[in-house]
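Visitor: My structure is below; once you've seen it, I'll send some questions.
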Amino acid sequence: MTSRKLFSSTDPDHKFGTRILQDQSRVFEHNAWDHAEWNPEQEKVAKKIVEGQVKEREKRGPRDENEPELQEPSLPWDAFYSRNENKFFKDRHWLSVEFPELTSLRNARRRVRETPTSPSSDVAETDLDVRHWPLRFQREFERQKRVRVTSESDGVDGELAVGGSEDVYDPVFRVLECGCGTGSTIFPLLDEWAQADEPLPGEENGNDELSDSVLNPPPTIFVNGCDFAETAVELVKGNPAYSTASCNAFVYDLTSDDPMALEPNSIDVITCIFVLSALDPVKWERAASNIARVLRPGGILLFRDYARYDLTQLRFKGNRLLKESLYTRGDGTMVYFFDEAELSTLFPPSVFTIEKSGVDRRLIVNRGRQVKMYRCWLQAKIRKL
């Protein structure tokens, strides 16, 4: 299987990050540059730093596999959220740009108010990015469009039948945020979906005629969130925006031998953002199995995490190295730095297909000190077979 690089300024599916450094003499004119390219010498230096960490670690002798970080990784995260509450991580308002699969479907809730003379099916194809909808919604859209065309050609002005011949159409778009923390994905996502029903300019009311949606019934969203840190889940539930009508937060360890308290094959999209890096690699297989159990066939997993030779990895001292590419921070939390090739091991091709993947490199500069720093993240879109 060949992966497609995500982070390209010319990729029509990827609009985030357009500040490209063309002239090295202008590097300190901005604080950050997108799509930074590494030269062979930079990678050579990074490898040498990591090799030095390994040698320093070896001088201290082997790590104990029974160390608390490896045995109880949730405990330092619980302590982290007890100290910082919801003041550390910012809400991820960038998600809808990075991962349009999370919000493109919400536009189907809008009545076709902008172009009232056009059939809703025509407007949907030109104004909505149907490609990013979950497959089952794409199929239902095509089915309903065929019904509309048939009804219009026959002169029938009746209600659109709900559900296809094989499956009953479920209008609820179900999302699971793995490692939900304090809800930095849950609440921005719910807020963006709520905006779909706000009045357009010149309208007194919002989307009060949802029967004119391009999908009937119009899609709604329900977001589940799990985290192995009990304090984090309590903070999510204590958020004023939390409502059991639209979200469900619960304590769960992705590496558990017990199944998640969700129906098998029930989730359309799962987000896994800076989550698996907090786990011991020996437990990845169990985590992937638990993810696969609840993700629908054809459902999508959105992955983003630390990549090999990220600035934070190169800053670690050798005594922080637990095992290859796995480090422990000063507060006891763990962090792993991924190589893109590891994705096919983490998400085996017998269960998943990696549709897109790539390393996102950003050049961060300190203009006052004239220092250049490189951040590296691995991002992927992975579909369950």
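The values are calculated or read from the model by the stated rules, or taken from the named source; none is laboratory data. Remember, it's a predicted structure, so these values are computed and weren't measured experimentally. Please note: Cβ atoms are built from the backbone with ideal geometry, for glycine as well, and neighbour counts cover all protein chains shown. Remember, those area values only see protein heavy atoms, side chains included, never the ligands or the DNA or RNA. Shrake-Rupley method; radii C 1.70, N 1.55, O 1.52, S 1.80 Å.
Visitor: Pairs please, first residue from region 281-299 and in contact (Cβ under 8 Å) with a residue 40 or more places away in the chain and more than 17 Å from Leu343 (Cα to Cα), second anywhere and open to solvent by 60 Å² or more (accessible area, probe 1.4 Å) and not charged (D, E, K, R), Cβ atoms under 6 Å, 6+ apart in sequence or on different chains.
Guide: Listed pairs, sorted by first residue: Arg296/Asn265.
Visitor: Out of (1) modelled with pLDDT of 90 or more; (2) open to solvent by 20 Å² or more (accessible area, probe 1.4 Å), the odd one out for Ile382 is which?
Guide: (2)
Visitor: Show me the helices (runs of 4 or more DSSP H) entirely contained within region 259-369 in which 3 or more residues are among the β-branched types (Val, Ile, Thr), at pLDDT 95 or above and open to solvent by less than 50 Å² (accessible area, probe 1.4 Å). Give the derivation first.
Guide: Numbers: elements: 284-294, 311-315, 343-346.
Because the criterion is at least 3 residues that are among the β-branched types (Val, Ile, Thr), at pLDDT 95 or above and open to solvent by less than 50 Å² (accessible area, probe 1.4 Å), no helices (runs of 4 or more DSSP H) in region 259-369 meet it.
Visitor: For region 63-92, give me each residue that is at pLDDT below 70, on the phi < 0 side of the Ramachandran plot and open to solvent by 70 Å² or more (accessible area, probe 1.4 Å).
Guide: Asp64, Glu65, Asn66, Pro68, Asn86, Lys87, Phe88, Phe89, Lys90, Asp91, listed by residue number.
Yes or no, residue by residue, for (1) more than 30 Å from Pro134 (Cα to Cα); (2) in contact with a Lys or Arg (Cβ under 6 Å, 6 or more places away or on another chain):
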{"site": "Ile291", "(1), (2)": "no, no"}
{"site": "Phe303", "(1), (2)": "no, no"}
{"site": "Gln313", "(1), (2)": "yes, no"}
{"site": "Leu326", "(1), (2)": "yes, no"}
{"site": "Gly330", "(1), (2)": "yes, no"}
{"site": "Met334", "(1), (2)": "yes, no"}
{"site": "Phe337", "(1), (2)": "no, yes"}
{"site": "Arg361", "(1), (2)": "no, no"}
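Visitor: May I pose another question? What residue, among those in region 153-195 that are open to solvent by 80 Å² or more (accessible area, probe 1.4 Å) and among the small types (Gly, Ala, Ser), is modelled with the highest pLDDT?
Guide: Only one residue fits best here, namely Ser153.
Visitor: Which pairs turn up if I take residues in region 135-152 that are open to solvent by less than 40 Å² (accessible area, probe 1.4 Å) and look for partners that are at pLDDT 85 or above and of a type outside the set (A, V, I, L, M, F, W, C) with beta carbon separation below 7 Å, at least 6 apart in sequence or on another chain?
Guide: Phe137/Pro219; Glu140/Tyr169
Visitor: I would also like to ask the following. Take Ala341 and tell me if it is within 29 Å of Glu72 (Cβ to Cβ) and among the small types (Gly, Ala, Ser).
Guide: Working: within 29 Å of Glu72 (Cβ to Cβ): no; among the small types (Gly, Ala, Ser): yes.
Spelling it out, it is not the case that Ala341 is within 29 Å of Glu72 (Cβ to Cβ) and among the small types (Gly, Ala, Ser).
Visitor: Under 7 Å between Cβ atoms, which residue pairs at least 6 apart in sequence (or on different chains) link something in region 247-268 that is under 25 Å from Tyr169 (Cβ atoms) and touching a residue at least 40 places away in the same chain (Cβ under 8 Å) with a partner that is part of a loop (DSSP other than H, G, I, E, B) and not aromatic (Phe, Trp, Tyr)?
Guide: Close Cβ pairs satisfying both conditions: Asp268/Pro134.
Visitor: A follow-up question, please. Just for region 196-253: of the residues that are at pLDDT below 80, surrounded by 15 or more Cβ atoms within 10 Å (Cβ to Cβ) and small (Gly, Ala, Ser), which one is nearest to Cys180 (Cα to Cα)?
Guide: Ala196
Visitor: Does Ala124 satisfy the condition of being modelled with pLDDT under 70, in contact with a helix residue (DSSP H, G or I) (Cβ under 8 Å, 6 or more places away or on another chain) and open to solvent by less than 20 Å² (accessible area, probe 1.4 Å)?
Guide: When the stated conditions are applied, Ala124 passes them.
Visitor: Additional query: For region 31-61: of the residues being in contact with a helix residue (DSSP H, G or I) (Cβ under 6 Å, 6 or more places away or on another chain) and open to solvent by 60 Å² or more (accessible area, probe 1.4 Å), which is nearest to Ala307 (Cα to Cα)?
Guide: Out of the qualifying residues, it is Ile49.
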